[in-house]
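A short worksheet on the structure shown next.
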Amino acid sequence: MNLHGIWALYRFEMARFGRTIWTSLATPVITTTLYFIVFGAAIGSQMRGVDGVSYGAFIVPGLMLLTIFSESIFNASLGIYMPKFTGTIYELLSAPLSAVETVLGYVGAAATKSMVIGFVIFLTAHLFVDLHIAHPVAMVLYLLLVAASFSLFGFCLGIWANGFEQLQIIPLLVVTPLTFLGGAFYSIDVLPEPWRTVTLFNPIAYLINGFRWTFFGVSDVSFGLCIAVTAGFAALCLAAVVTIFRTGWRLKS
């Protein structure tokens, strides 16, 4: 295992994050504040708690994942797309790094950035609501799994994309709508049939409910099923990355 090479890629990607750190951190703080003003104060004040949890606290896991999904995809996809765009991808492919080591460097950095921003949102939420995490260790591990999974997905997206416009298609037209429709700001149990059943076919709903369980110990679906869906998504993305490097699809052509 070329730890020096992995660390070099990781540091390079984190240095890019460091150059825009204030913008990267200010954006989620402002966005979180606006969400709490609109959803937490304006709407939440008119609603009763959900499963014994105040509405303001209830939306925190969904709000964190909404940002982590997009940040993980953006950072990982841009990280691998830029070498393709500038033509330096061949230097990366000829470096003494295996496919696993390359992915660890890029995906590790993207997941780190996402988790940092996620915890910034968590700390910002503390300014508005009282949060008592039921399973803190599970929360951190689950957050890491989600960030790594979507970073892998973003890595695949960055290899697939032929332009900056394509980098935005999946996050804006697929991931974000599925997040809003997956119970990020409401319990899917309040949906009438057949919409509740339809929502259960949305994989994002399981990720959100699994993460919410680590906070409050409550979930609309089984936590074991949430773990299985999240791990299955990570395995699918990992298999896609392995296939891409094995075939050289859009890397060597």
Extent along principal axes [Cα atoms of the stretch 134-197; Å; largest to smallest]:
41, 34, 16
Hydrodynamic radius by Kirkwood, which averages 1/r over all alpha carbon pairs of the chain, in angstrom:
18.9 Å
So for each of 105-111, 182-188, 166-172, 211-217 I average, over its residues, the number of other beta carbons within 10 Å; can you give me the resulting order with the highest mean first?
105-111, 211-217, 182-188, 166-172
Summing -39500 (n - 2.57) over every DSSP H run of at least 4 residues in the chain and dividing by its residue count gives a helix-only mean residue ellipticity at 222 nm, to the nearest 500 deg cm²/dmol, of -23000 deg cm²/dmol
Largest first and in whole Å, what are the equivalent-ellipsoid semi-axes of the stretch 9-131 based on the Cα gyration tensor, each being the root of 5 times an eigenvalue?
37, 13, 11
Give me the extension gain from Trp195 to Glu165: residue separation times 0.36 nm, minus the current Cα-Cα distance, reported in nm with one decimal.
7.6 nm
Taking only Cα atoms, what is the 0 to 90° angle, nearest 10, from helix 99-125's long axis to the longest principal axis of the chain?
30 degrees
How far, in degrees from 0 to 90, does helix 136-160 lean away from the longest principal axis of the Cα atoms of the chain, to the nearest 10?
50 degrees
Give the relative contact order (percent, whole number) for the chain; include only Cα pairs under 8 Å separated by 6+ residues.
26 percent
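Read-outs: derived from the displayed coordinates by stated rules, not from any lab. Bear in mind that the values here come from a model prediction, so they are computed numbers and not experimental data. Every residue, glycine as well, gets a Cβ built from its backbone with ideal geometry; the counts of neighbours run over all protein chains shown.
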